[in-house]
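The values are calculated or read from the model by the stated rules, or taken from the named source; none is laboratory data. Being a predicted model, the structure only gives us computed values, none of them experimental. Here the Cβ is made from the backbone with ideal geometry for all residues, glycine too, and neighbour counts use every protein chain on show.
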Ligand SMILES: Cc1cc2nc3c(=O)[nH]c(=O)nc-3n(C[C@H](O)[C@H](O)[C@H](O)COP(=O)(O)O)c2cc1C
């Protein structure tokens, strides 16, 4: 299937490389869209090399790219999904390449979110509310984070789900 993968700015961005690698080995075609913050953690080159596809970082680099990529996708996912991206999706914001392309995703195509963040961010009521709100919309599948010692040293929920589990959710959502 054609997998549109959004990567946002968190420590777990490097694990999205593993996810792309797994998905490609399973025969999927993956196109990655990175937020500006994601590029502070991982370079576009890694995703280009692993996917064999171009990586989108700028809505305005290719005028109709966001529409074409949205139409191309059988399923979309964001892994890791930052608290910020979750909030922007819940508010219907489309102020970067990822938000704009997801906004243009044809009706009926599902969006898998794999949030990853510090435990206090994860337990923040506004993040909980945003995710509950997105789940209620009926087109989002949330892959819950794992509980572990996080990069910041805190122990608790907030770690990115295992890439193999995120891929299983993507395959289920892509039908
Ligand atoms: C070292 C570092 C690690 C971060 N890790 C996370 C994270 O795991 N999850 C998260 O939601 N935000 C994390 N942030 C904050 C985001 O990078 C920040 O909210 C950013 O605006 C998100 O932008 P984006 O959602 O457009 O990618 C981290 C910031 C830094 C400096």
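Looking only at the stretch 50-62, which residues are under 14 Å from the mean Cα position of the chain (by Cα) and away from the ligand (no atom under 13 Å from the Cβ)? It would help to see each step written out before you state the result.
First, the residues of the stretch 50-62 that are under 14 Å from the mean Cα position of the chain (by Cα): 55-57.
Matches in the stretch 50-62: 55, 56.
Based on what the data block shows, is residue 98 away from the ligand (no atom under 11 Å from the Cβ) and either surrounded by 22 or more Cβ atoms within 10 Å (Cβ to Cβ) or modelled with pLDDT of 95 or more (or both)? Against the criterion (away from the ligand (no atom under 11 Å from the Cβ) and either surrounded by 22 or more Cβ atoms within 10 Å (Cβ to Cβ) or modelled with pLDDT of 95 or more (or both)), residue 98 does not qualify. Taking the conditions exactly as written (more than 10 Å from the ligand (Cβ to nearest atom) and over 28 Å from residue 61 (Cα atoms)), does residue 139 satisfy them or not? Criteria met by residue 139. Every condition in (1) more than 12 Å from the ligand (Cβ to nearest atom); (2) at pLDDT below 95 holds for residue 150 except the one numbered (1). Of everything in the stretch 1-18, what is under 12 Å from residue 51 (Cα atoms) and out of contact with any strand residue (DSSP E or B) (no Cβ under 6 Å at 6 or more places or on another chain)? Give them in sequence order. The answer is 17, 18. Only one of the numbered conditions (1) within 16 Å of the ligand (Cβ to nearest atom); (2) in contact with a strand residue (DSSP E or B) (Cβ under 9 Å, 6 or more places away or on another chain) is not met by residue 65, and that is (1).
From the residues in the stretch 77-95 that are touching a residue at least 60 places away in the same chain (Cβ under 8 Å) and within 11 Å of the ligand (Cβ to nearest atom), which one is nearest to residue 28 (Cα to Cα)?
First, the residues of the stretch 77-95 that are touching a residue at least 60 places away in the same chain (Cβ under 8 Å): 77-82, 84-85.
Subset that is within 11 Å of the ligand (Cβ to nearest atom): 78, 80-82, 84-85.
Details: 78: 16, 80: 19, 81: 21, 82: 24, 84: 28, 85: 24 Å.
So, considering only residues that are touching a residue at least 60 places away in the same chain (Cβ under 8 Å) and within 11 Å of the ligand (Cβ to nearest atom), the one nearest to residue 28 (Cα to Cα) is 78.
Looking at the stretch 10-21 only, could you name the residues that are surrounded by fewer than 23 Cβ atoms within 10 Å (Cβ to Cβ), more than 12 Å from the ligand (Cβ to nearest atom) and under 23 Å from residue 119 (Cβ atoms)? So that I can check it myself, show each step before the final result.
Of all residues in the stretch 10-21, those surrounded by fewer than 23 Cβ atoms within 10 Å (Cβ to Cβ) come to 11, 14-15, 17-18, 21.
From what's left, more than 12 Å from the ligand (Cβ to nearest atom): 17-18, 21.
Passing the criteria: only 18.
Only one of the listed residues (24, 7, 42) is away from the ligand (no atom under 16 Å from the Cβ) and modelled with pLDDT of 95 or more. That residue is 24. The criterion of at least 2 residues that are under 14 Å from the mean Cα position of the chain (by Cα) is met, among strands (runs of 3 or more DSSP E) falling completely within the stretch 85-175, by 111-115, 140-142. Can you confirm whether residue 51 is at pLDDT 95 or above, buried (at least 21 other Cβ atoms within 10 Å of the Cβ) and out of contact with any helix residue (DSSP H, G or I) (no Cβ under 8 Å at 6 or more places or on another chain)? Spelling it out, it is not the case that residue 51 is at pLDDT 95 or above, buried (at least 21 other Cβ atoms within 10 Å of the Cβ) and out of contact with any helix residue (DSSP H, G or I) (no Cβ under 8 Å at 6 or more places or on another chain).
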